[in-house]
Amino acid sequence: MPRVYSGNPVGIADAMENLGNWKGTTFMKTSVQNQSKSGLTLVEVLVVIAVLAILAAFLLSTLPPVSGRENRITCVNNLKQVALAFRIYAGDNRNHYPTDLSTNDQPVVNELTPVYQYFQSLSNEIGTVKVVICPADEKRKVAQNFSTLRDVNISYFVGLDANENLPTSILLGDRNLKNGVEPDHGILRLTTNQMVEFTEEIHSRQGNIAIGDGSVQRVSSARLRSEIIRNLPLATNRIKLP
């Protein structure tokens, strides 16, 4: 006869269910333990974030402010447009710039002529009065039009000895230049053996220079002396400051 067990009998289905629950619980515990071992701790995550923040701060500190870069780009484009206007004017006036008066095809420069009159002569070629002022030049304001244009509305000097036939001559540039000598009627005389530098006023001791071939170069004071002034075609070069 079959043996009869006392108490509540446990069926096969109940036993299988209990076994499955036990295995599932064991598997979940094992998975959680494995994840905790393979993942980063809170301290490690904070360390990674701190390192990334330091690297980002270092990289950003090496870049100039966005507004400063934009101002320099606009300034370069302004000088390119004005330099092109000079060359177009020369093409229509027997290779003479507005800075020199023609007497038997010989240039005669009037050092007392204010800078704004040169730009007024180029009004048709320039097109808009806005390009004669650098956006970084906080001391100069845009004129309403070329008729009201004065030196206080201009950011750029004019090279009085520039010539289309002298491609390395200085044609235009940021006005914040000094050479240790007080300007004579707004004129600085630049020589190869003289200290010339940009001031902090506009581009933080840097500046933009347009040369006779129409190109524009962004230079520091050191590069201005070593690459631009040293290669000038004349021993003395006059620039007229606005």
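Taking the criterion of being without any contact (Cβ under 8 Å) to a residue 40 or more places away in the chain and in a strand (DSSP E or B), the only residue of region 159-183 that qualifies is Lys178. Looking only at residues of region 157-170 that are out of contact with any helix residue (DSSP H, G or I) (no Cβ under 6 Å at 6 or more places or on another chain) and open to solvent by less than 50 Å² (accessible area, probe 1.4 Å), we find that the one that is modelled with the lowest pLDDT is Asn163. Out of the residues in region 185-219 that are surrounded by 15 or more Cβ atoms within 10 Å (Cβ to Cβ) and among the acidic types (Asp, Glu), state the one that is farthest from Ser155 (Cα to Cα). Selected residue: Glu197.
With respect to Arg225, determine if the residue is touching a Ser or Thr at 6+ places or on another chain (Cβ under 9 Å), surrounded by 15 or more Cβ atoms within 10 Å (Cβ to Cβ), part of a helix (DSSP H, G or I) and charged (D, E, K, R). Against the criterion (touching a Ser or Thr at 6+ places or on another chain (Cβ under 9 Å), surrounded by 15 or more Cβ atoms within 10 Å (Cβ to Cβ), part of a helix (DSSP H, G or I) and charged (D, E, K, R)), Arg225 qualifies. Given the structure, is Asn145 exposed (fewer than 14 other Cβ atoms within 10 Å of the Cβ) and either without any contact (Cβ under 8 Å) to a residue 12 or more places away in the chain or assigned to a strand (DSSP E or B) (or both)? The answer is no for Asn145.
Output the residues belonging to region 113-139 that are open to solvent by 20 Å² or more (accessible area, probe 1.4 Å) and touching a residue at least 60 places away in the same chain (Cβ under 8 Å).
The answer is Thr113, Pro114, Tyr116, Pro135, Lys139.
Comparison of Gln206, Gln217 shows that the only residue that is free of Cβ contacts under 8 Å to residues at least 12 places away in the same chain and over 20 Å from Asn110 (Cα atoms) is Gln217. Taken together, the residues in region 184-206 that are in a loop (DSSP other than H, G, I, E, B) and on the phi < 0 side of the Ramachandran plot amount to 10.
As a summary of the residue check, Gly173 satisfies the conditions (1) closer than 24 Å to Asn77 by Cβ; (2) surrounded by 19 or more Cβ atoms within 10 Å (Cβ to Cβ); (3) at pLDDT below 90 except for the one numbered (3). Taking region 184-202 as the region of interest, how many residues are touching a residue at least 60 places away in the same chain (Cβ under 8 Å) and hydrophobic (A, V, I, L, M, F, W, C)? Counting residues in region 184-202 that are touching a residue at least 60 places away in the same chain (Cβ under 8 Å) and hydrophobic (A, V, I, L, M, F, W, C) gives 2.
With the condition being modelled with pLDDT of 90 or more and charged (D, E, K, R), I'd like the helices (runs of 4 or more DSSP H) fully within region 40-122 carrying at least 1 qualifying residues.
So the answer is 66-92.
The values are calculated or read from the model by the stated rules, or taken from the named source; none is laboratory data. From a predicted model like this one, the values you see are computed outputs, not experimental measurements. Glycine gets a Cβ as well: all are built from the backbone with ideal geometry, and neighbour counts include every protein chain shown. For the accessible areas, the whole protein counts, side chains as well, though only heavy atoms, and no ligand, DNA or RNA atoms are used. Shrake-Rupley method; radii C 1.70, N 1.55, O 1.52, S 1.80 Å.
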